[in-house]
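Engineer: One structure is given below, represented as structure tokens, and several questions about it will come after.
The values are calculated or read from the model by the stated rules, or taken from the named source; none is laboratory data. Quick caveat: nothing in here was measured; it's all calculated off a predicted structure. Note that we place each Cβ from the backbone using ideal geometry, even for glycine, and neighbour counts take in every protein chain shown.
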Amino acid sequence: MDSEQGSKLGNRTESKKVVLGKIGKVHGIKGWLRLNSFTAPPENILDYPQLNASIGQNSRVLEVDDSKQQPKGLLVHFSGYDAPEAARELTGLEVWVDSSAMPELDPETYYWHELMGMSVSNEQGQLLGEVSDMLETGANDVMVVSATEKSIDDRERLIPYLKGTVIKSVDRGLNTILVDWEASYLE
């Protein structure tokens, strides 16, 4: 499971907004912009030539018509934004796609956004909380599990996403994750 590399979407009816990146500063005089990609690897964001951006209450479709990989990251040019003044209105905006536009993956792999909000319980039947964030550490991904009203305590836990050892099962239907993780770990 990688930061936006994940599971079968075919049996899901609901779709939702999945943020893939954020538009950075204007670069040069022809309307190019830095694009901070949240995908892994970062250039996977270019698999989506049309990205949505919300400007106030309105949503706009931005079409990537050119891109460049640079040592400091991605540069993109959006169709119709040919001057720095026009491109500047896009700086700071998050870009997103509808989850239905994301590719289907094997059944045992999940997009991070699918895990968000899932209840996390251990094999002793203790509710540890729910997934509030995911972290990429290099060695493995880590779930940030925040306490809820029904959890056993008010602790936030960082639980490694290690399928088969720590992560015993993920059930989309029940919106739950079962972990081999003692409530007292890391006390």
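Engineer: From the list D82, D47, which one is surrounded by fewer than 13 Cβ atoms within 10 Å (Cβ to Cβ), assigned by TED's automatic domain parsing to the domain that holds G24 and out of contact with any Asp or Glu (no Cβ under 9 Å at 6 or more places or on another chain)?
Structural biologist: Checking each option against the conditions leaves just D47.
Engineer: For T91, are the conditions met, namely being surrounded by 13 or more Cβ atoms within 10 Å (Cβ to Cβ), touching a residue at least 40 places away in the same chain (Cβ under 8 Å), assigned to a loop (DSSP other than H, G, I, E, B) and outside the structural domain of R34 (by TED's automatic domain parsing)?
Structural biologist: no
Engineer: Would you confirm, using the coordinates I've provided, whether L33 is on the phi < 0 side of the Ramachandran plot, at pLDDT 95 or above, surrounded by 15 or more Cβ atoms within 10 Å (Cβ to Cβ) and more than 19 Å from the chain's Cα centre (by Cα)?
Structural biologist: The answer is yes for L33.
Engineer: Cβ contacts < 7 Å: first residue within 13 Å of I177 (Cα to Cα), restricted to region 131-148; second residue outside any strand (DSSP E or B) and of a type in the set (V, I, T), any location; separation 6+ or different chain. Result?
Structural biologist: Pairs that qualify, where the first residue is within 13 Å of I177 (Cα to Cα) and the partner is outside any strand (DSSP E or B) and of a type in the set (V, I, T): there are none.
Engineer: Looking only at region 85-138, how many residues end up being at pLDDT 95 or above and in contact with a His (Cβ under 9 Å, 6 or more places away or on another chain)?
Structural biologist: Result for region 85-138: 1.
Engineer: Those residues that are touching a helix residue (DSSP H, G or I) at 6+ places or on another chain (Cβ under 9 Å) and more than 15 Å from Y111 (Cα to Cα), I need them from region 126-180; list them, please.
Structural biologist: Correct list: empty.
Engineer: If you don't mind, another one. Is it true that S100 is touching a helix residue (DSSP H, G or I) at 6+ places or on another chain (Cβ under 6 Å), under 23 Å from V18 (Cβ atoms) and either not aromatic (F, W, Y) or not assigned by TED's automatic domain parsing to the domain that holds Y48 (or both)?
Structural biologist: No; evaluated as a whole, the condition is false for this residue.
Engineer: For the list (1) more than 23 Å from L135 (Cβ to Cβ); (2) assigned to a loop (DSSP other than H, G, I, E, B), I need the number of the one condition that V64 fails.
Structural biologist: Result: V64 passes all but (2).
Engineer: Then there's this: Could you please let me know if G164 is within 14 Å of M118 (Cβ to Cβ), surrounded by fewer than 11 Cβ atoms within 10 Å (Cβ to Cβ) and more than 19 Å from the chain's Cα centre (by Cα)?
Structural biologist: no
Engineer: Take region 116-138 and flag every residue that is in a strand (DSSP E or B) and among the β-branched types (V, I, T).
Structural biologist: Residues satisfying the conditions are V120, V131.
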